[in-house]
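Asks: Dropping a structure here in structure tokens format, bear with me for questions.
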Amino acid sequence: MKSNEQFEFKKLDAGDFEEFEALLRYAFQVSSYEMSRIGWSDKEMKQSKKPIFDASYVLGWFYKGHLASQIVVYSMEVNIRDRICKMGGVTGVATYPEYTGRGLVHSLIKKSLEHMRREQQYISFLCPYSIPFYRKQGWEIVADKMTFSIKDTQLPKHHAVEGQIERVPAEHEDIRRVYKYFALQQHGALIRGDLEWEEYWRWESDDIMAAVYYTKEEKPLGYVIYYIENEVFQIKEMIWLTQEAKYGIWNYISAHFSMITKVEGANYTGESIAFQFEDSEIDETIRPNVMARIVDVERFLEEYSFQFEDDKLKLYFRISDPAAPWNNGIFHVSWQDGKTVCEKVDSHGSAPLIEMDIQTLTVMLMGYKRPTYLYNNDRIRMEYYLLPTLESLIPPEKPYFSDYF
């Protein structure tokens with residue numbers, strides 16, 4: 001039995017990269033076949049992880065001088081209700097099997113949350129390998145990935161548009177321009193910098209293609225990223241800023257009618273697309289895509305864009321958090337001169353309490369589930385008459401998140 005006294009905690013530096021990459025490869029089983037499929041060598045695989053390692057806050061437990069367990073906090077930005085917020089992206093969580101059951105990951109998560117709080121990353125996202133595990137740590141599902149399959153005979157009819165769609169290299173600058181404008185308007189979207197775009201393309205083969213829709217003034221307003229394989233038009237991502245661009249992109253997809261038997265893709269809006277088609281009997285599936293958790297309740301509530309401010313309204317939230325003790329307690333929320341004020345208090349007096357855990361607060365404020373739904377499913381404890389207030393305070397838009405890290 002290994003003694004916990006033989007474990008040493010530290011922040012990883014450049015000299016630890018080889019062990020960091022080896023643990024990633026072991027834990028996530030990145031095979032030689034997968035690398036050969038995209039034409040990568042072992043050396044190229046290591047080099048691809050180096051930029052993320054260098055840009056991130058990486059913590060680990062070492063046993064007898066060798067890495068045993070690790071976690072990566074990647075500093076990103078996301079659009080939360082039209083505010084660009086710092087976000088701690090949790091990734092690379094891994095432990096060698098012989099060191100499991102010692103609470104190493106739990107302690108790394110707590111230390112990473114402390115780091116995020118210091119860095120003013122008041123919300124954290126992750127792409128889960130185990131939803132139950134991360135729920136126990138305070139994360140919750142906030143966005144879905146909806147896949148769809150459309151037969152060639154179900155493709156939409158041609159809509160006349162004034163612009164033109166053009167095939168472009170997959171990493172064309174106009175794709176970045178369209179996405180940037182889209183992300184600045186879309187709640188939940190990741191703000192992609194150079195490193196985020198590198199991650200976006202990382203596992204794509206050379207067969208990936210792209211087409212951009214331009215107005216008659218040659219302004220890019222939408223794009224589709226795709227590949228064609230076995231007579232299937234596979235959509236990686238499709239974004240439009242106007243209905244004109246949407247019609248133009250679907251015109252382009254439908255123009256492949258003689259080459260394909262169906263179109264498959266993913267939709268991240270959280271809403272079914274079947275209603276948009278004349279023949280709505282298409283196949284759609286839904287699965288959780290990303291989890292999030294509020295890192296600092298007090299600061300997040302103060303920066304949150306509620307739908308209205310009322311100087312007479314005062315709310316008391318009692319929050320429980322399994323991994324961030326500063327989020328445990330009662331938070332008094334009020335509005336003064338058009339600004340949200342939040343402070344942690346010892347008592348709520350005779351005022352009613354709104355009680356929930358950190359997961360539920362995150363889900364509610366992110367808009368993934370409405371207050372009434374959460375109340376009816378025993379996720380919120382409160383006086384029923386306060387529900388309309390919560391419903392009117394919180395904007396209705398669901399998060400859009402199409403990235404993987």
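Asks: Which residues, counting only those in the stretch 305-316, are under 20 Å from H348 (Cβ atoms) and either in contact with a helix residue (DSSP H, G or I) (Cβ under 7 Å, 6 or more places away or on another chain) or surrounded by fewer than 16 Cβ atoms within 10 Å (Cβ to Cβ) (or both)?
Replies: F306, D310, D311, K312, L313, K314
Asks: Given the criterion crowded, with 18+ Cβ neighbours inside 10 Å, among the basic types (K, R) and either at negative phi or not in a strand (DSSP E or B) (or both), identify the matching residue among K246, K216.
Replies: K246
Asks: Of everything in the stretch 324-352, what is within 29 Å of the chain's Cα centre (by Cα) and assigned to a loop (DSSP other than H, G, I, E, B)? Give them in sequence order.
Replies: The answer is A324, N328.
Asks: Need the failing condition index for A292 against (1) more than 30 Å from D357 (Cβ to Cβ); (2) outside any loop (DSSP other than H, G, I, E, B); (3) at pLDDT 95 or above, just the number.
Replies: Here A292 meets the rest and fails (1).
Asks: Right, here's the next one. Give me the residue from the stretch 177-213 that is under 30 Å from I123 (Cα atoms) and among the polar types (S, T, N, Q) and, out of that set, surrounded by the fewest Cβ atoms within 10 Å (Cβ to Cβ).
Replies: Across the stretch 177-213, the extreme among qualifying residues is Q185.
Asks: Next question. Name the strands (runs of 3 or more DSSP E) wholly within the stretch 64-176 that hold at least 3 residues that are open to solvent by less than 20 Å² (accessible area, probe 1.4 Å), of a type in the set (A, V, I, L, M) and within 28 Å of E21 (Cα to Cα)?
Replies: On the way: elements: 66-80, 83-95, 123-126, 140-151, 164-168.
Those strands (runs of 3 or more DSSP E) span 66-80, 83-95.
Asks: What do you reckon, is T269 open to solvent by 20 Å² or more (accessible area, probe 1.4 Å), in a loop (DSSP other than H, G, I, E, B) and among the β-branched types (V, I, T)?
Replies: Values: open to solvent by 20 Å² or more (accessible area, probe 1.4 Å): yes; in a loop (DSSP other than H, G, I, E, B): yes; among the β-branched types (V, I, T): yes.
It is true that T269 is open to solvent by 20 Å² or more (accessible area, probe 1.4 Å), in a loop (DSSP other than H, G, I, E, B) and among the β-branched types (V, I, T).
Asks: Conditions: (1) surrounded by 20 or more Cβ atoms within 10 Å (Cβ to Cβ); (2) farther than 14 Å from D296 by Cα. D321 meets all but one. Number of the miss?
Replies: Every condition holds for D321 apart from (2).
Asks: Select from the stretch 190-222 the residues that are over 23 Å from W250 (Cα atoms) and small (G, A, S) and list them in ascending order.
Replies: Passing the criteria: G193, S205.
Asks: While we're here: Can you pull out the residues in the stretch 380-405 that are under 23 Å from K145 (Cα atoms) and open to solvent by 50 Å² or more (accessible area, probe 1.4 Å)?
Replies: Answer for the stretch 380-405, where residues must be under 23 Å from K145 (Cα atoms) and open to solvent by 50 Å² or more (accessible area, probe 1.4 Å): P396, E397, K398, Y404.
Asks: If you go through the stretch 276-298 one residue at a time, do you hit one that is surrounded by fewer than 19 Cβ atoms within 10 Å (Cβ to Cβ), among the small types (G, A, S) and over 22 Å from D207 (Cβ atoms)?
Replies: Looking for residues that are surrounded by fewer than 19 Cβ atoms within 10 Å (Cβ to Cβ), among the small types (G, A, S) and over 22 Å from D207 (Cβ atoms), one finds at least one in the stretch 276-298, hence yes.
Asks: Same structure, new question: Tally the residues that are touching a residue at least 60 places away in the same chain (Cβ under 8 Å) and either among the hydrophobic types (A, V, I, L, M, F, W, C) or in a loop (DSSP other than H, G, I, E, B) (or both), restricting the search to the stretch 353-385.
Replies: 7
Asks: Under 8 Å between Cβ atoms, at least 6 apart or on separate chains: pull out the pairs that start in the stretch 278-294 with a residue that is over 30 Å from M87 (Cα atoms) and end on any residue that is surrounded by 12 or more Cβ atoms within 10 Å (Cβ to Cβ) and charged (D, E, K, R).
Replies: I282/K151
The values are calculated or read from the model by the stated rules, or taken from the named source; none is laboratory data. This structure is a prediction, so every number in the text was calculated from the model and none was measured. Positions of Cβ are backbone-derived with ideal geometry, glycine not excepted, and every protein chain shown enters the neighbour counts. Ligands, DNA and RNA are stripped out before the accessible areas are found, and what is left, the full protein with its side chains, is counted by its heavy atoms. Shrake-Rupley method; radii C 1.70, N 1.55, O 1.52, S 1.80 Å.
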